[in-house]
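K.L.:
One structure coming up, written as structure tokens, with questions to follow.
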Amino acid sequence: MKLTIFGATGGIGTQLLAQAATAGHLATAAARNPARVAGAARIVAVDLAAPDRRALESAVAGADAVLSALGPRSATDAGVVSGGTRAILEAMLTTGVRRLVVVSAAPVGTTPSPDRPAPPRRDPGDTFLMRHVLSPLVKRVFGKGYADLAVMEDLVRLSDAEWTIVRPPRLTDRPLTGVYRTAYDRNVRRGLSISRADLAHLMLRLLDEPESIRHTVGVAR
Ligand SMILES: NC(=O)c1ccc[n+]([C@@H]2O[C@H](COP(=O)([O-])OP(=O)(O)OC[C@H]3O[C@@H](n4cnc5c(N)ncnc54)[C@H](OP(=O)(O)O)[C@@H]3O)[C@@H](O)[C@H]2O)c1
């Protein structure tokens with residue numbers, strides 16, 4: 001498959017590129033720092049904070065699927081996931097590319113957004129501990145990031161794309177196992193972490209699972 005990968009220089013994105021190459025896919029990396037990209041068949045320079053429409057369209061055109069593991073490196077990148085994904089969706093619409101797999105986060109299902117001002121108060125996969133202790137704690141620390149991801153999810157859900165939103169819990173740098181649990185439209189029960197390598201594995205696997213289109217997928221080891 002021809003893939004376009006956003007966030008290709010990050011923790012998940014590096015894994016996406018490496019695993020895509022191993023699986024025989026042809027990957028285009030869309031990156032704001034092209035010198036940091038390793039192992040892409042093609043690299044297109046795109047800063048999603050101020051995207052050049054033509055560069056973005058050339059990155060996406062002809063792809064069978066777009067994968068995004070975009071995320072803020074620092075406070076100066078605040079809002080980049082929703083803003084960047086808006087631009088990616090526009091480029092996909094213009095170039096006729098349909099399939100999109102994006103990374104969100106487990107607490108986002110219960111995070112309010114403009115399109116879902118009153119989301120469910122609890123995710124069906126969350127345990128008592130997750131609902132009453134862990135989730136409020138991480139939301140206090142990472143609330144702004146989750147708010148950005150929630151807006152990103154709105155944009156993706158309301159788009160015409162054939163989307164899948166993946167919601168991982170805490171990410172680790174453990175090695176690839178290919179062994180993890182998934183759950184459609186809810187978080188994985190007692191799922192506390194997943195490695196970036198296994199998350200990338202799932203994102204690539206979902207390209208062969210059309211039943212995941214227009215669903216969120218919870219994942220955890
Ligand atoms: N950390 C967790 O435990 C956790 C849990 C659940 C979900 N998540 C979500 O997963 C995301 C990805 O995780 P990760 O560890 O792979 O993140 P990461 O290593 O920080 O990678 C973020 C990627 O986004 C790119 N990026 C940022 N701003 C950009 C811009 N303006 N234009 C183009 N590219 C830009 C970065 O490019 P540069 O290399 O140029 O900076 C990098 O490739 C997180 O940001 C978060 O939203 C994280």
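K.L.:
What number of residues within the stretch 196-211 satisfy the criterion of being in contact with a Leu (Cβ under 7 Å, 6 or more places away or on another chain) and free of Cβ contacts under 8 Å to residues at least 60 places away in the same chain?
P.N.:
The total comes to 1.
K.L.:
From the list 62, 84, 96, 24, pick out the single residue that is within 8 Å of the ligand (Cβ to nearest atom) and either buried (at least 24 other Cβ atoms within 10 Å of the Cβ) or under 25 Å from residue 202 (Cα atoms) (or both).
P.N.:
84
K.L.:
So, one more: Is it the case, given these coordinates, that residue 150 is small (Gly, Ala, Ser) and within 21 Å of residue 220 (Cα to Cα)?
P.N.:
When the stated conditions are applied, residue 150 passes them.
K.L.:
Do you know which residues across the stretch 38-59 are within 9 Å of the ligand (Cβ to nearest atom) and in contact with a helix residue (DSSP H, G or I) (Cβ under 8 Å, 6 or more places away or on another chain)?
P.N.:
Scanning the stretch 38-59 gives 46, 48, 49, 51.
K.L.:
Name the pairs whose Cβ atoms lie under 7 Å apart, with the first residue in the stretch 111-137 and farther than 20 Å from residue 182 by Cα, the second surrounded by fewer than 12 Cβ atoms within 10 Å (Cβ to Cβ), and 6 or more positions between them or separate chains?
P.N.:
112/118; 115/158
K.L.:
Something else about it: Those residues that are at pLDDT below 95 and either at positive phi or of a type in the set (Ser, Thr, Tyr) (or both), I need them from the stretch 180-198; list them, please.
P.N.:
Residue satisfying the conditions is 190 alone.
The values are calculated or read from the model by the stated rules, or taken from the named source; none is laboratory data. All of these numbers come straight from a predicted model, not from anything done at the bench. Every residue, glycine among them, receives a Cβ derived from its backbone with ideal geometry; neighbour counts consider all protein chains shown.
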